[in-house]
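The next block holds one structure in the form of C-alpha cells; read it before the comments.
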Amino acid sequence: MKTYDWIVVGAGLVGSAFGYELANAGFSVLLLDRSLQSPNATRYSYGGVAYWSGNTPLLRQLCDESQAIYQTLTAELDYDIQYRELDLLLTVDADRDPAAIAPNYEDFLIPPTQLDPAAAADIEPLLNQGAIAAAFHAKHGNVVPRALAQGYQTAMQRQGGILAIATVNGFEHSGNSIQGVQTDQGTFHGANVLICVGGLSRSLLHQTGISAKVYFTQAELIETPPIDGLNLQSIVMPAELDRMGMEAEATQPDKEPLWDEPGHEVAPAVLDVGALQYRDGIVRMGQTSRVLTNPQAPLDAAASEAQIRAGVGKVLPALQHVPGTWASCLVAFSGDRLPLVGALPNRDGLHLCTGFNGPFLLAPPLARHFAKFHQGEPTDVLAQLAPDRFSHT
Ligand SMILES: Cc1cc2nc3c(=O)[nH]c(=O)nc-3n(C[C@H](O)[C@H](O)[C@H](O)COP(=O)(O)OP(=O)(O)OC[C@H]3O[C@@H](n4cnc5c(N)ncnc54)[C@H](O)[C@@H]3O)c2cc1C
C-alpha cells in the first residue's frame, strides 16, 4: 500500500501550484481532481496578476515574490503559460467622483495613475468615454489560466508527482489523525491531505463534519469564440468592485448559520463589469456574482447573459452583441480577503488552501512558502494565513 507524503485534492490553479511545489521540494504527491475538464473557476478566470496591488507588508512581500516568480515560470515549468503584461483600466462610473475613490488606491505597492476619459480611451480605444468619469491605470500581469494550471501539473509529474481522476467524498482517519482520502475510485493513503477544491471547500469539509469559515460565490460570465477584427487591448475592470461589499455583507456573523443550509441568498447579487481578450481572440466578460448557499443552485442563464451584455455594453459598446456563451463557476472567498492556507485545527494531517482574493498573484509564492515550511524552513508568511485565525469546529 502506497502512502503519499501529500494528497492534494483539486487540480485548479491552487492545487496544481501547491502540488508542483511540494513535489519540487521532494515530497511524494498525488494530485486528484474529479475531472481535468472541470468547469472550475480557473477555467473561466481572467488570469490577472495584480502585482501592483499589495497594500500591507504581507501583500507587498507576496507581490514582489510573485512578480519575480512569473519572470522565470515559463522556463521553470518548461511550459508556455503565456505570461504577458497588459494595461489595466479600472473604470469609474460617470456618476461617481474619482477624487473620492483615489484614496483607495494610494497605499498600493505601485499606485495606479488616475486618467481622464480621453486619456483612458487613448489606451483602450473600445472604451466609451461618456460612460466613465475617469479610470485608474496600472500595468497588470496576465496568464492563460488553464495553461498555468497545466504547466504546474506537467512539471509536478516530471518531479514524480501523480495526477489522477477521482472524486473525493471523505477522509480516512484514525481518531483525529487523517490518513488519506476516500474517493469514487477507492481509497488513497497519505500522511497529509491538502484540500484545494475552491468553491466546494466548505461543502466537502461540512459533509465530513468539519466547519470551515470559507464561502463561495456563483460567478457568471460570457465567453466568446475567437473574434476576428475586435482588438480589446487592455483589461477593463471597475475601480469599485461591488463584489467586495457583497462578500463583506455575506460574512457577517449573523449570516454564518445560513451558509450550512441550502436555499439562502445571503446578500443581493452584483455585476462588476469587466472584460479581457486573450491572444487567440477569445473574450471573457462579466461578471455577475451571487452568494447562494446551495452550490448547485439553478441560475437564470438568459437573464444573466442579458444583464452582463447590457452592463459591458455601456463601457465597451463593441462587446455588447458579440457571439458568446454564458458560463458559471464557483469562486471561494474568505471573511478577511486573505486566503486560508494551512493546517485545520483538531485534525492532524488535514490542510486547507482556498479563499484567495487574487490567486493568480498569490498562489505561486504561497505554494513555495508552503513547501519550504514543510521542509522545515521557517516562514512568518503562513502564520498570518492560518485557517485557525477563524474559529472552526
Ligand atoms: C470571471 C472570473 C474572473 C476572474 N479573474 C481573476 C483574475 O483576474 N485574477 C485572479 O487572481 N483571480 C481571478 N478569478 C478568481 C480565480 O479564477 C479563482 O479564485 C481561482 O481560479 C480558484 O482556483 P482554485 O484552484 O482554488 O479553484 P478551482 O479552479 O475552482 O479548482 C478547484 C478544483 O477542485 C476540483 N474538485 C472539487 N471538488 C472535488 C472533489 N470532491 N474531489 C476532487 N476534486 C474536486 C474541481 O473539479 C476543480 O478542478 C476570477 C474568477 C472568475 C469567475
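General remarks:
- Between N169 and D5, the FRET efficiency estimated from the beta carbon spacing at R0 = 22 angstrom works out to 0.50.
- Counting only protein heavy atoms and a 1.4 Å probe, the stretch 52-116 has 51 square angstrom of accessible area per residue.
- Cα-Cα separations in the stretch 299-367 greater than 15 Å, expressed as whole percent: 68
- The length gained by stretching the chain between K314 and H189 to full extension, at 0.36 nm per residue less their Cα-Cα distance, is 39.7 nm.
- For F171, the accessible area of its heavy atoms, probed at 1.4 Å with every protein chain present, is near 20 square angstrom.
- Just so you know, the Rg over Rh for the stretch 1-104 is 1.08, from Cα atoms, with Rh as the Kirkwood radius.
- Normalised per residue, the volume of the convex hull around the Cα set of the stretch 45-175 (Å³): 202
- Here the sum of -39500 (n - 2.57) over DSSP H runs of 4 or more residues, divided by the residues of the chain, equals -8500 deg cm²/dmol at 222 nm, to the nearest 500.
- Taken over the Cα atoms of the stretch 237-393, the convex hull encloses 150 Å³ per residue.
- Annotation: D93 carries an accessible surface of approximately 90 Å², with a 1.4 Å probe and no ligand, DNA or RNA atoms counted.
- Residue with peak Gaussian network fluctuation, the chain [Cα springs, cutoff 10 Å], from G229, G12, G47: G229
- Cα gyration tensor shape of the stretch 99-155, rounded if a/c is under 1.5, else prolate or oblate by comparing a/b with b/c: oblate
- Span from the the stretch 202-245 Cα centroid across to the the stretch 1-68 one, whole angstrom: 17
- Heavy-atom accessible surface of the stretch 59-210: percent carbon and sulfur, 1.4 Å: 46
- The Rg/Rh ratio for the chain, using Cα coordinates for both the radius of gyration and the Kirkwood hydrodynamic radius, is 0.96.
- Carbon plus sulfur fraction of accessible area for the stretch 269-329, probe 1.4 Å, in percent: 55
- For the stretch 317-389, the relative contact order is 31 percent, taking Cα pairs closer than 8 Å that sit 6 or more residues apart in sequence and dividing their mean separation by the residue count.
- The stretch 116-240: C-alpha gyration tensor shape, a/c 1.5 cut-off, then a/b vs b/c: prolate
- The H on the amide N of L115, modeled in the peptide plane, is under 5 Å from the matching H of A135, F136, H137, each at least 5 residues off or on a different chain.
- Degrees, to the nearest 10: 145-158 long Cα axis against longest axis of the chain: 30
- Candidates P345, P295, P268: whichever shows maximal mean-square fluctuation once the chain is modelled as a Gaussian network with Cα springs under 10 Å: P268
- Percent of Cα pairs exceeding the 20 Å cut-off, where the set is the stretch 169-296: 59
- Exposure of E65 as accessible area (Å², to 10), given a probe of 1.4 Å and all protein chains: 50
- Qualifying aspartates and glutamates (Cα of each under 16 Å from Cα of K2; at least 8 residues distant if same chain): E172
- Of all aspartates and glutamates in the structure, those lying under 19 Å Cα to Cα from K255, and not within fewer than 8 positions of it along the same chain, are D242, E247, E265, D336.
- The slack in the chain from D78 to L299, taken as 0.36 nm per residue of separation less the alpha-carbon distance, amounts to 75.6 nm.
- The residues of the stretch 305-363 present an accessible area of 35 Å² per residue when probed at 1.4 Å with all protein chains retained.
The values are calculated or read from the model by the stated rules, or taken from the named source; none is laboratory data. Just so it is clear, the model here is predicted, and its values are computed rather than measured. A quick note on method: Cβ atoms are made from the backbone with ideal geometry, for glycine too, and the neighbour counts reach across all protein chains shown. To get the accessible areas, we keep the full protein, side chains included, count just its heavy atoms, and leave off ligands, DNA and RNA. Shrake-Rupley method; radii C 1.70, N 1.55, O 1.52, S 1.80 Å.
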